Amino acid sequence: DDADNEGAPSKKTLGEEEEGLLSLASAQRMNTDARRSVFCIVMGSADCDDAFEKLVRGGLLRPKAERDAVRVIVHCCGEEKAFNPFYAFLAMRVCEFQQRSKFTLMLTFWDAFKQLDTFPVRKVANLAKLLAHLIGSKDRCLTIGVLKRIEFSPSDMQENIIVFLSIFMAALFESCDAESIRKIFAHGASNSVVAASAKKRDVDSDDEFESGGNKVQTTKKEDLSDLRESLSVFLLQYVKSCPKDVDGSVFHSNLLAAIETCDEN
């Protein structure tokens, strides 16, 4: 009997694993049952499909409940030693399943932008690459408009904001073609979340979207001309001097496409 059970995980082993995840969740300040549950699922799953299915089965992606799921996914991504695309794919699966998650995702990044100067560079880089995946993917969970909450000040930008935007742009330019880049920067004025809610109003009236205690209005189309102007200046001032900007490279073509699109709109 012992030989038959030799390869099977014991209840003690599984219990110890669960206990370890709960301990880690507490250390990561997962201060509600819902967030602890999401954390344990995300960190203990075999892959993206496994994590997504467990979140659905656990009722953790229901309306309003999905807020915790999105915020925990972004948090875990930021805490990794290096960027793991797993979190981007999981976030995209969640947004595909629950459309309102796109707005929660945007608010989560807005809250992160306020704290960028307090984050270690590793976390800044992870979040920048995550955002590049979410904006650059064919599903476009977010638009370039999410960057409107960043303080652009060419003469006095915080170092971590420069790092974040530089890594974000590099990841975006290396993963997209020029046509996609033009669409991303030109369509920044069309908030994908607003468009989705206009087609199907699945947001509750009391599902007031809050970021840092402030209610956010999402019913009007945004004019992001100021953002594109700021992005154009940033690209010319910081990204154009990047070692990856070599004539003939995909990075170079996409950088030029982004600048031209920002200047044209």
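The values are calculated or read from the model by the stated rules, or taken from the named source; none is laboratory data. What you see is a predicted model; the values in this text were computed from it and never measured. Reconstructed Cβ throughout: ideal geometry from the backbone, glycine too, with neighbour counts over all protein chains shown. With ligands, DNA and RNA removed, areas are computed over all heavy atoms of the protein, side chains included. Shrake-Rupley method; radii C 1.70, N 1.55, O 1.52, S 1.80 Å.
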Of a type outside the set (Lys, Arg), buried (at least 21 other Cβ atoms within 10 Å of the Cβ) and modelled with pLDDT under 95, is that true of residue 72? yes
If you go through the stretch 103-112 one residue at a time, do you hit one that is more than 12 Å from the chain's Cα centre (by Cα), among the β-branched types (Val, Ile, Thr) and open to solvent by less than 40 Å² (accessible area, probe 1.4 Å)? no
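Could you list, in sequence order, the residues of the stretch 134-148 that are open to solvent by 30 Å² or more (accessible area, probe 1.4 Å) and touching a residue at least 60 places away in the same chain (Cβ under 8 Å)? It would help to see each step written out before you state the result.
From the stretch 134-148, those open to solvent by 30 Å² or more (accessible area, probe 1.4 Å) are 138-140, 148; that's our starting set.
Residue satisfying the conditions is 148 alone.
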Cβ pairs under 8 Å, 6+ apart, first in the stretch 40-52 and over 14 Å from residue 89 (Cα atoms), second outside any helix (DSSP H, G or I): 41/58; 41/60
Limited to the stretch 114-130, what total is found for residues that are closer than 20 Å to residue 68 by Cβ and either in contact (Cβ under 8 Å) with a residue 60 or more places away in the chain or open to solvent by less than 20 Å² (accessible area, probe 1.4 Å) (or both)? 4
